[in-house]
Amino acid sequence: MTTKNILFFLLFDAAIAIFALSMRRIISSLKLGQSDNRFDHPWTRLRRMFVVAIAQSKILREPLAGVMHALIFWGFLVLFTAVLESIGEGLVPDISSLFFQHLFGRLYAPLAFMQDLASGLVIVAVLIALWRRYVMRPKRLELEGHSRSDATFILMMILFIMISMVGQNAARIVLDGADASGGRFLSSAFTPLFTSFSPGGMQVWFDTFWWIHIGIVLVFLNYLPYSKHLHVLTSVPNVYFSGLRPRGALKPINLEAENVEKFGASDIEDLTWKQLLDGYTCTECGRCSASCPANSTGKALSPRKIIMDIRKRLEEKAPLVRAGQKAPESSDGGVKHALQKTLIHDYITPEELFACTTCMACVQECPVNIEHVDAIVEMRRSLVLMESNFPPEVQVVFRNLENNFSPWAFPPSSRADWAEGMDIPTVQQKPDAEVLFWVGCAGAFDSRYIKVTQSFAKLMQQAGVSFAILGTEEKCTGDSARRMGNEYLAQMLIKENVATLNNYNVRSIVTACPHCFNTLRNEYPQFGGNYKVMHHTDFLVQLINEGKIKITKEQAATITYHDSCYLGRYNDVYEQPREILGAVPGLELAEMGRSHSRGFCCGAGGGRMWMEEKEGKRVNIERTEEALATNSTVIATACPFCMTMMTDGVKAKEASGHVAVKDVAEILLEATQSSAKEAAVGS
């Protein structure tokens with residue numbers, strides 16, 4: 001064993017020991033979080049890990065940045081074999097020829113070719129990244145808290161790892177002879193730089209490049225645990241452990257558990273270990289905040305800041321907890337001790353948390369599957385259940401839900417008034433009905449959306465559907481209460497509805513409200529309510545395809561469709577509303593710039609329907625302007641909240657004289673009626 005091997009052995013052991021201690025620190029910090037079983041369904045998790053983390057499916061949603069990052073990631077996967085070979089050379093002389101070339105045999109040359117190709121692509125990708133960061137300067141990379149120096153340091157280390165690897169291989173080719181390139185086309189291109197050196201000089205060059213290469217690799221490895229680029233190590237596990245629950249299903253609180261003194265999350269130990277891992281995994285890329293409707297319109301909320309604050313608070317508190325320190329009785333000079341602080345208030349304000357529309361755009365865009373919305377709702381739960389701290393207008397909503405089982409102040413006895421004269425039976429009157437029509441609070445009480453409820457009911461009657469309603473026995477599904485943080489009130493409503501539905505042996509439900517649809521479909525099974533739940537757009541497509549709905553009128557109009565977050569991103573219902581519009585002859589669909597999974601929220605989700613917007617631009621105005629820019633005469637929706645927000649936006653822009661807001665069910669009904677009295681879609 002040479003002096004080089006001995007020195008490297010000592011250096012390598014020290015580096016691995018330091019790295020192991022760093023990872024032990026991180027793992028012990030994660031253990032401060034609440035338990036959460038993320039080890040189930042391993043094959044499902046592996047499949048998703050391959051698609052999202054390995055194939056980089058989400059990061060490629062942005063072409064330039066996506067390809068750049070993917071090249072670096074895939075390049076590192078290929079070059080991991082080269083790093084192992086370099087480490088082996090440091091431990092055992094001539095291991096490349098004695099072991100690696102023998103191990104791979106004829107495949108060694110193709111492997112060497114792939115390593116050189118990966119090196120070149122990574123170098124190009126890093127140069128693009130530096131150019132993009134310092135010349136293009138995307139807005140999302142300039143958001144609060146972003147560390148450009150850290151990113152630059154990492155990129156420069158990656159660049160020199162690649163350059164030194166190419167230099168090392170070029171020197172090896174010269175040392176071994178002209179025919180020893182073995183597929184290393186890139187390294188071979190640099191061999192003319194070394195042809196004038198003696199074998200001894202070339203050995204010096206080889207050793208120099210090798211030490212630079214392996215030295216930076218070990219520095220890189222030990223820098224990662226203290227950098228935002230820790231995601232290099234945590235992103236794949238984070239994707240593997242991301243939730244398998246339906247995206248629209250919040251995790252319930254066991255309100256009846258004994259000895260529970262705290263609900264929701266006010267500090268890091270109240271979050272789960274996976275939510276703490278999210279903090280360590282954040283790449284600070286800003287995609288979440290760039291897509292956030294609240295952040296985009298000047299609100300305090302930044303999903304990226306929320307996750308970064310979780311990490312910051314964890315790094316502040318975890319060492320003190322591990323050391324067994326306790327918070328002092330009082331603050332010294334008004335300055336809080338670290339253990340007296342909390343994540344909420346000292347890092348994250350209630351204003352930030354209640355600005356969230358729970359639209360799920362942040363989760364959709366995050367390339368490493370961070371679950372922002374779940375953490376935000378957990379902190380809302382703490383504010384509502386533990387502090388009674390929420391926007392004052394929400395108090396009225398909670399009171400109405402408690403007394404009237406609806407966010408509105410209408411009495412429960414009037415819930416079925418919309419159906420007067422329509423000959424629609426209740427499930428009590430028609431227990432053998434094939435489908436239960438869940439009307440929802442908006443469908444029963446909102447004067448504008450009652451017209452949608454009636455339109456959909458007429459379509460079902462035309463199609464000969466055997467359906468019934470709960471009538472006055474229906475109560476709010478609990479969606480708004482749950483997402484505003486009032487889990488107690490939400491569970492009360494959910495359990496009462498489940499009892500009613502199960503009492504009537506309901507099996508199939510259709511609803512025109514995406515919020516009801518999502519809650520009934522994804523959250524009611526948590527409480528024993530297992531039903532086949534369809535949204536009315538999906539149901540109408542089925543009726544059209546079966547020939548039960550006959551379209552008899554052409555509708556000449558340009559129409560744009562606004563994607564509901566709870567229908568689209570939550571439940572992947574994107575095409576059904578468009579299929580309905582496409583089935584109506586004469587309609588020309590004009591898509592907005594942000595549509596489908598990139599659709600922009602109307603601003604009403606997460607209980608924001610009942611809260612005032614006091615900061616920045618109104619979210620619904622932002623979306624309405626985008627809809628009006630298509631020059632459509634009709635804005636189509638499939639959600640009562642979206643309809644309200646878009647209608648208000650059209651009025652605010654003084655466009656109501658020439659732009660109508662209609663539900664797809666209304667548009668379809670107009671196309672099935674031949675009476676001259678029926679208004680045209682574009683009216």
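Rule-based calculations on the coordinates, nothing more; no lab input. What you see is a predicted model; the values in this text were computed from it and never measured. Don't worry about glycine lacking a Cβ; one is built from the backbone with ideal geometry, like all the others, and counts go over all protein chains shown.
Sorted from longest to shortest, the spans of the Cα atoms of the range 373-499 along the three principal axes equal 50, 26, 24 Å. Here the range 1-132 was treated as a single set of alpha-carbon atoms; its pair distances binned every 5 Å from 0 give 2, 8, 11, 12, 13, 17, 17, 12, 6, 2, 0 percent. Applying 1/(1 + (r/R0)^6) with r as the Cβ-Cβ distance of Lys653 and Val135 and R0 = 41 angstrom yields a FRET efficiency of 0.65. For the peptides 213-224, 358-369, 641-652, residues were scored by their other Cβ atoms within 10 Å and the scores averaged per peptide; the highest-first order is 358-369, 641-652, 213-224.
With the convex hull of the Cα atoms taken as the outline of the range 247-291, the averaged projected area works out to 4.8 nm².
Nearest-5 percent of antiparallel DSSP beta bridges in the chain? Percent antiparallel among DSSP bridges in the chain is about 5.
State the three equivalent ellipsoid semi-axes of the range 540-597, derived from the C-alpha gyration tensor as the square roots of 5 times its eigenvalues, in descending order and whole Å.
Numbers: eigenvalues 94, 54, 7 Å².
Equivalent ellipsoid of the range 540-597: 22, 16, 6 Å, largest first.
Computed over the alpha-carbon atoms, the range 314-376 gives an Rg to Rh ratio of 1.11, Rh here being the Kirkwood radius from the mean inverse distance.
In the structure shown, do any of Lys305/Lys475; Lys58/Lys274; Lys451/Lys550; Lys548/Lys651; Lys305/Lys495; Lys475/Lys550 have a Cα-Cα gap over 25 Å, and if so which? Mind showing how you got there, number by number?
Values: Lys305/Lys475 37 Å; Lys58/Lys274 20 Å; Lys451/Lys550 20 Å; Lys548/Lys651 36 Å; Lys305/Lys495 35 Å; Lys475/Lys550 33 Å.
Distance filter (> 25 Å) returns Lys305/Lys475; Lys548/Lys651; Lys305/Lys495; Lys475/Lys550.
Computed from backbone phi, the HN-Hα couplings of the range 115-130 come to 5, 5, 4, 4, 4, x, 5, 5, 4, 4, 5, 5, 5, 5, 4, 5 Hz, rounded to whole numbers (Karplus: 6.51 cos²θ - 1.76 cosθ + 1.60, θ = phi - 60°; Gly and Pro given as x).
What per residue convex hull volume, in Å³, comes out for the range 559-683 when only alpha-carbon positions are used? Walk me through the intermediate numbers first.
Numbers: hull volume 13.2 nm³, N = 125.
Each residue corresponds to 106 Å³ of Cα convex hull volume.
With contacts taken as Cα pairs under 8 Å and at least 6 residues apart, the chain reaches a relative contact order of 12 percent.
Work out, in µm²/s and without decimals, the Stokes-Einstein translational diffusion coefficient of the range 267-318 at 25 °C, 0.890 mPa s, Rh from Kirkwood over C-alpha pairs.
Numbers: Rh = 11.5 Å.
The diffusion coefficient I find is 213 µm²/s.
Summary of the geometry: the range 1-77 and the range 327-394, compared by the centres of their Cα atoms, lie 28 Å apart. When its C-alpha radius of gyration is set against 2.2 N^0.38 Å (N residues), the range 287-350 gives a value of 1.40.
Here the Karplus relation 6.51 cos²θ - 1.76 cosθ + 1.60, evaluated at θ = phi - 60°, turns the backbone of the range 494-504 into coupling constants of 4, 5, 5, 5, 4, 4, 5, 5, 5, 4, 8 Hz, with x for every Gly and Pro.
Mind ranking 192-203, 394-405, 153-164 by how tightly packed they are, going by the mean number of other C-beta atoms within 10 angstrom, highest first?
Details: 192-203: 11.8, 394-405: 17.3, 153-164: 19.2.
By packing density, highest mean first, the sequence is 153-164, 394-405, 192-203.
State, to one decimal in nm², a quarter of the convex hull surface area for the C-alpha atoms of the range 1-55, i.e. the direction-averaged projected area.
Details: hull surface 26.7 nm².
About 6.7 nm², averaged over all directions.
Near Val377, once Lys and Arg are set to +1 and Asp and Glu to -1 for all other residues with Cβ below 11 Å from its Cβ, the sum equals +1.
Take the Cα of Asp207, step 7 Å toward its Cβ, do the same at Lys262, and the gap between the two points is 5.8 nm. On a per residue basis, the convex hull of the C-alpha atoms belonging to the range 450-518 measures out at 99 Å³.
Run a plain Debye calculation on the chain (Cα atoms as equal point scatterers, no solvent) and give log10 I(q)/I(0) at q = 0.07, 0.11 Å⁻¹, rounded to two decimals, same order as the q list. Scattering profile of the chain, log10 relative to I(0): -0.58, -1.12.
Dividing the Cα convex hull volume of the range 210-275 by residue count, how many Å³ per residue is that? Residue-normalised Cα hull volume stands at 137 Å³. The coefficient of translational diffusion for the range 187-341, derived via Stokes-Einstein from the alpha carbon Kirkwood radius under 4 °C and 1.567 mPa s, stands at 63 µm²/s. When the alpha carbon gyration tensor of the range 158-275 is reduced to an equivalent ellipsoid, the three semi-axes, largest first, read 55, 16, 9 Å. Put simply, the range 480-563 fits an ellipsoid with semi-axes of 32, 18, 8 Å; these come from the alpha carbon gyration tensor as the roots of five times its eigenvalues, largest first.
Ranked from highest to lowest mean number of other Cβ atoms within 10 Å per residue, what is the order of the peptides 487-499, 126-138, 297-309? Don't jump to the answer; show the numbers that get you there.
Values: 487-499: 20.2, 126-138: 14.3, 297-309: 22.5.
Packing proxy ranking, top to bottom: 297-309, 487-499, 126-138.
3J(HN,Hα) along the range 366-373: 5, x, 10, 6, 6, 10, 5, 4 Hz, from the Karplus curve 6.51 cos²θ - 1.76 cosθ + 1.60 with θ = phi - 60°, whole Hz, x for Gly and Pro.
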